[in-house]
1. Determine if the stretch A:97-115 includes at least one residue that is modelled with pLDDT of 95 or more, within 11 Å of another protein chain (Cβ to nearest Cβ), in contact with a helix residue (DSSP H, G or I) (Cβ under 8 Å, 6 or more places away or on another chain) and in a helix (DSSP H, G or I).
2. Answer with yes or no whether B:Leu391 is over 22 Å from B:Val114 (Cα atoms) and not in a helix (DSSP H, G or I).
3. So B:Met334 fits all but one of (1) under 19 Å from A:Lys174 (Cα atoms); (2) buried (at least 21 other Cβ atoms within 10 Å of the Cβ); (3) within 14 Å of chain A (Cβ to nearest Cβ); what number is the exception?
4. Which one is farthest from the chain's Cα centre (by Cα) among residues in the stretch B:431-449 that are in a loop (DSSP other than H, G, I, E, B) and either of a type in the set (Lys, Arg) or more than 8 Å from every other protein chain (Cβ to nearest Cβ) (or both)?
5. Given the residues A:Val117, A:Val99, A:Val109, A:Val34, which is the only one that is loosely packed, with under 15 Cβ neighbours inside 10 Å, of a type in the set (Val, Ile, Thr) and out of contact with any strand residue (DSSP E or B) (no Cβ under 7 Å at 6 or more places or on another chain)?
6. Of the residues B:Ala428, B:Ala413, which single one is touching a Pro at 6+ places or on another chain (Cβ under 9 Å), within 8 Å of chain A (Cβ to nearest Cβ) and aliphatic (A, V, I, L, M)?
7. Just checking, which of B:His374, B:His369 is part of a helix (DSSP H, G or I), surrounded by fewer than 23 Cβ atoms within 10 Å (Cβ to Cβ) and more than 8 Å from every other protein chain (Cβ to nearest Cβ)?
8. Can we say A:Leu139 is away from chain B (no Cβ under 13 Å), outside any strand (DSSP E or B) and touching a helix residue (DSSP H, G or I) at 6+ places or on another chain (Cβ under 9 Å)?
Amino acid sequence: MRVALFIPCFVDQFYPEVGKAMVSVLRRLGIECVFPEEQTCCGQPAFNTGYWDEARALARRYCEIFNGYDAVVSPSGSCTAMVRNFYPELLGSSPPASVNTFEFSEFLVKKLGITDVGATFPAKVTYHDSCHTLRELRLKQEPRALLRAVRGLELVEMTEAETCCGFGGTFSVKFPAISTAMDDVKCQSIVATGAQYVVSVDSSCLMQIGGWLRRKNLPVQTKHLAEVLAQT
Amino acid sequence: MNPNACRFQRAARAKAFDLRHRAIVAKNIATYHAAVARGLARFADWESARRRAAAIKWEVMNHLDRYLEEFERNVLARGGHVHWAETAAEASQQVVALAKQHGVRRAVKSKSMVTEEIHLNSALEAAGITVLETDLGEYICQLRGEPPYHIVTPVMHLNREQIAATFHEKFGTPLDATAEQLAGSAREQLRAEFLRADMGITGANFAVADTGMIGLCTNEGNGRLTTALPRLHVAIVGIEKLVPRLEDLALFWPLLATRGTGQFLTVYNTLIGGSENLHVILLDNGRTRLLADAEQRNALHCIRCGACLNVCPVYRTVGGHSYGTTYQGPLGSMITPHLRGWRDWSHLPYASSLCGKCADVCPVRIPIHHHLLHNRRNVIQRRLDSPIQRLAFRAWLWAVRSPRRYALGGRLARWAMRIGIAAPFAKAWTDHRELPPAPRETFRDWWRTNP
């Protein structure tokens with residue numbers, strides 16, 4: 001099987017190790033990956049700020065690049081939601097690239113039917129539901145199923161798992177006080193579990209959560225799901 | 001930035017790390033969530049119930065002209081009176097005129113957000129008519145000179161000690177008074193006023209087209225006293241409150257109660273069938289503008305249960321008073337720009353992380369957070385964005401349309417991060433949080449060597 005990688009700009013620039021980890025998991029499962037190098041950004045920042053003309057130009061661009069692939073896999077629930085849920089409204093149609101883009105855990109569990117990827121990660125972990133992954137893509141059990149199959153990993157639930165971390169794209173810098181207070185509530189809930197790691201499928205949430213954990217010297221590390229699954 | 005946006009930012013900053021506020025609201029909302037979980041369990045199929053409710057509201061909104069006229073005909077047939085008000089000021093003037101015409105000196109009011117929307121109390125007081133709030137929460141608001149903090153639970157931000165302090169100051173009750181003592185003291189004040197008042201003022205939870213009835217849901221019985229004891233009853237009704245048939249309440253009553261408070265039914269569900277003493281004021285006040293917007297018309301489906309406020313992490317952080325609007329939280333950010341103007345309220349659609357919890361709990365399935373996205377697009381289309389932001393997005397688009405320019409821009413940004421040059425937007429981040437370390441190699445750099 002051959003899949004195209006959609007590495008969102010954010011991951012490409014700031015979290016390249018997340019992209020690499022996803023590639024290593026996919027290759028371990030015998031999947032051939034291609035990376036169309038013309039890709040840049042899906043347009044979500046513009047779309048969420050109200051610049052729909054700008055976002056539409058990037059949506060068309062994305063579809064031209066990815067329309068020819070049977071499956072496109074991305075290590076971001078948020079960007080996948082943009083492509084799959086919001087492109088149809090933005091473009092007035094559902095191009096193949098929009099329909100065939102999958103979030104990483106969704107691709108493994110729902111498309112391939114795999115939950116055990118042969119990973120080992122002996123640590124106590126709590127999972128943060130990113131809002132787009134949970135409420136746009138409706139993925140709640142998929143990332144948890146993958147985590148439960150990891151050898152040595154203990155998954156503990158936090159009470160505020162489904163509560164927003166406060167990132168929200170430009171919201172985090174337009175309303176920094178609100179955003180940070182939400183981050184504080186989230187991080188208190190994470191710390192209360194006693195977990196060593198908080199895991200999510202969106203690097204943007206993890207940047208927000210990690211930014212507060214480190215500012216407050218709280219003893220929890222952030223990890224993307226792909227980074228956990230890449231450990232053997 | 002417009003003055004409302006500045007006020008909102010200031011208020012939000014003041015509340016964001018007010019830990020006492022956070023604790024009180026968290027406690028009250030936790031109680032709410034526990035009750036709602038029990039309430040939802042009583043529905044055989046909650047999803048079908050909300051689909052049905054959304055379909056009924058869709059039918060009403062798409063034929064609102066007919067349902068309004070049917071409602072009017074049926075109120076008149078029962079001997080009641082119907083007045084139409086296009087604006088808030090017009091509605092207030094109509095109530096004042098009715099009061100003067102009937103020699104009203106004192107009025108009692110049952111909890112109603114629409115009367116907050118039209119600022120009725122100040123209009124009546126300016127005309128020399130005293131108004132007393134009879135819902136306990138609203139009564140406390142009135143004593144404190146505060147607007148309601150929440151559309152359903154007006155004093156969600158207060159704990160018993162704070163309410164006891166207010167009562168101590170006003171009536172000399174003990175500072176450590178129990179909830180029962182406080183309610184007893186309020187009842188004493190209110191009962192006397194019910195008997196003296198000449199006019200009872202209510203809103204309407206529902207207006208039933210096929211019977212011409214007003215449906216009121218209250219938990220304290222004050223709605224009944226307000227409508228039954230004074231010789232005149234004025235009901236101010238937003239035109240979106242219509243349901244087609246009396247039997248629809250069999251669905252809407254439990255739906256509203258379950259999401260509103262977790263009750264299966266509100267304690268008192270009163271239907272007022274009209275008499276010559278009933279005056280209904282049908283209020284537009286911007287609603288027809290929303291009705292004309294096919295994309296967001298279903299925002300008028302809202303039955304004001306308040307669930308979207310309770311689950312909203314932004315509402316919980318900033319509190320109801322920070323918005324400066326009658327309707328707070330996701331609901332307010334959705335409808336206020338439509339009702340009160342884009343120029344003054346364009347910041348509200350942006351005051352959301354778009355987490356989508358609001359839409360998940362909405363009993364009439366309004367895609368609230370998607371409407372916030374639509375509102376943001378409307379703000380940009382009306383060119384109410386800052387020129388700097390507009391320019392920044394144009395430059396960004398120019399960059400990301402070319403992989404070469406994108407890669408160069410990324411390299412520059414990461415270099416700036418490494419040597420500590422903080423762009424203005426980065427400062428809004430770094431003042432509160434750490435930035436991740438900027439890597440030297442991007443994914444695409446790595447891919448070229450590991451394809």
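The values are calculated or read from the model by the stated rules, or taken from the named source; none is laboratory data. All figures in this text were calculated on a predicted structure; none of them were measured in a lab. Please note: Cβ atoms are built from the backbone with ideal geometry, for glycine as well, and neighbour counts cover all protein chains shown.
1. No.
2. Values: over 22 Å from B:Val114 (Cα atoms): yes; not in a helix (DSSP H, G or I): no.
When the stated conditions are applied, B:Leu391 does not pass them.
3. Of the numbered conditions (1) under 19 Å from A:Lys174 (Cα atoms); (2) buried (at least 21 other Cβ atoms within 10 Å of the Cβ); (3) within 14 Å of chain A (Cβ to nearest Cβ), the odd one out for B:Met334 is (3).
4. Across the stretch B:431-449, the extreme among qualifying residues is B:Arg440.
5. That would be A:Val99, the only listed residue that is loosely packed, with under 15 Cβ neighbours inside 10 Å, of a type in the set (Val, Ile, Thr) and out of contact with any strand residue (DSSP E or B) (no Cβ under 7 Å at 6 or more places or on another chain).
6. Working: B:Ala413 fails: touching a Pro at 6+ places or on another chain (Cβ under 9 Å).
Unique residue meeting the criteria: B:Ala428.
7. B:His374
8. So A:Leu139 passes the test.
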